[in-house]
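Comments concern the structure below.
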Amino acid sequence: LDRSARDPMEIAVAKDGRVFYVERLGVVKICRPETQTAQVVGKLSVFETPDNGLLGITLDPDFLNNRWLYLFHSPVGVNENRVARFTLNGDVIDLASEKILLRIPVQREQPICHTGGSMTFDAQGNLYISTGDNVNPFASDGFSPSDERPGRAPWDAQGTSANANDLRGKILRVHPEPD
């Protein structure tokens, strides 16, 4: 679709054939297959580590009428990932239209891994969001990343994916409302 894409992460295809996609460094692009052209429609300021940035995009089920798209991104300056809805005006994302649906607390002090970020809607209008466990697995020798030693929380999934009270390491379901 676009030979100039840098670190593309996810695509969403509108019913009219337009292809939207995100690049990890914060760029949202649109491609029109009939003309084989791509253009930038928005740029978010994102926290850019190997597993963070602008990671997911999906279009509202009624996108052709309401022009809403949803982005999963890692904003700068806060220890969280966000799922937010934006409005597309013409071929430009109105960044001021951001409505934050979900804030997912994350740790960014130690080696950051496993972020996730893919999203999709079901037929009932529920939005499903994948989140990574935010744990560095490389010291676990192929076993479950569990490490209860002091100071090793970033290497211990018991506090994230194994914890039902934490949003990390899950498939989350929310039902977005117009307001």
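The values are calculated or read from the model by the stated rules, or taken from the named source; none is laboratory data. On a predicted model such as this, the values are computed, not experimentally measured, just so you know. Don't worry about glycine lacking a Cβ; one is built from the backbone with ideal geometry, like all the others, and counts go over all protein chains shown. Ligands, DNA and RNA are stripped out before the accessible areas are found, and what is left, the full protein with its side chains, is counted by its heavy atoms. Shrake-Rupley method; radii C 1.70, N 1.55, O 1.52, S 1.80 Å.
Could you calculate the FRET efficiency of Arg3 with Arg108 from 1/(1 + (r/R0)^6), where r is the beta carbon distance between them and R0 is 22 Å, rounded to 0.05?
Result of the calculation: an efficiency of 0.10.
Identify which of Thr120, Thr37, Thr160 has the largest mean-square fluctuation in a Gaussian network model of the chain, with springs joining Cα atoms closer than 10 Å.
So, out of Thr120, Thr37, Thr160, the one fluctuating most is Thr37.
Whole-Hz ³J(HN,Hα) for each residue in the stretch 6-19, computed from phi via Karplus 6.51 cos²θ - 1.76 cosθ + 1.60 with θ = phi - 60°, x for glycine and proline: what do you get?
Per-residue couplings from phi come out as 10, 6, x, 10, 7, 10, 9, 9, 6, 5, 8, x, 5, 10 Hz.
Bin by bin, in steps of 5 Å, what percent of the Cα pairs in the stretch 113-179 do you find, going until the bin that has the longest distance?
Histogram of Cα-Cα distances, whole percents per bin: 4, 18, 21, 20, 14, 9, 7, 5, 3, 0.
Between Ser140 and Thr120, 0.36 nm times their residue separation minus their Cα-Cα distance comes to what?
Extending this stretch completely gives an extra 4.1 nm.
Output needed: percent of Cα pairs per 5 Å distance bin for the chain, bins running from 0 to the one holding the longest distance.
Per 5 Å bin, starting at zero, the Cα-Cα P(r) for the chain comes out as 1, 8, 17, 20, 18, 14, 10, 6, 4, 1, 0, 0 percent.
Taking θ as phi - 60°, what are the ³J(HN,Hα) couplings along the stretch 66-71 by the Karplus curve (6.51, -1.76, 1.60), each to the nearest whole Hz, with x for Gly and Pro?
These are the phi-based 3J(HN,Hα) values: 9, 6, 8, 10, 10, 10 Hz.
With bins 10 Å wide starting at 0, give me the P(r) of the stretch 1-53 over every alpha carbon pair, in whole percents.
26, 53, 19, 2
Starting from the stretch 80-179, pick out the GluC sites (Glu not before Pro) whose DSSP state is loop and whose Cβ has at most 12 other Cβ atoms within 10 Å.
Answer by residue number: Glu109, Glu148.
Ranked from the most accessible area to the least, with a 1.4 Å probe and all protein chains present, what is the order of Val40, Val135?
Val40, Val135
Straight-line reach from Lys15: which aspartates and glutamates fall under 12 Å, measuring Cα to Cα and dropping same-chain residues less than 8 apart?
Filter leaves Asp60, Asp62.
Using 0.36 nm times the number of residues separating Asp94 and Ala164, minus their current alpha carbon distance, what extension gain do you get?
Full extension of this stretch gives 21.7 nm more.
Lys/Arg Cβ at +1, Asp/Glu Cβ at -1, dipole of the chain taken about the Cα centre: which of Thr115, Phe47, Val19 is farthest positive-ward?
Val19
If you average the sequence gap of Cα pairs under 8 Å that are 6 or more apart and divide by the length of the stretch 70-125, what percent do you get for the contact order? Walk me through the numbers before you get to the answer.
Values: 69 pairs, mean separation 16.9, N = 56.
Once normalised by length, the contact order is 30 percent.
Rounded to two decimals, what is the ratio between the C-alpha radius of gyration of the stretch 39-103 and 2.2 N^0.38 Å?
For the stretch 39-103, the normalised Cα radius of gyration is 1.10.
With a cut-off of 8 Å between alpha carbons and a minimum separation of six or more residues, what is the relative contact order of the chain in percent?
Numbers: 413 pairs, mean separation 24.3, N = 179.
Once divided by the residue count of the chain, the mean separation gives 14 percent.
Whole-Hz Karplus ³J(HN,Hα) for the stretch 145-155, in order, using 6.51 cos²θ - 1.76 cosθ + 1.60 and θ = phi - 60°, x for Gly and Pro?
Taking θ as phi minus 60°, the curve returns x, 10, 8, 8, 5, x, x, 10, 4, x, 10 Hz for the stretch 145-155.
What aspartates and glutamates sit close enough to Lys43 to cross-link, taking a C-alpha to C-alpha distance under 16 Å and skipping anything fewer than 8 places away on the same chain?
Within reach: Asp7, Glu10, Glu23, Asp91, Asp94, Glu98.
Test of understanding: what is the full-extension gain from Leu64 to Gln39, defined as 0.36 nm times their sequence separation minus their Cα-Cα distance?
Value of the extension gain: 7.1 nm.
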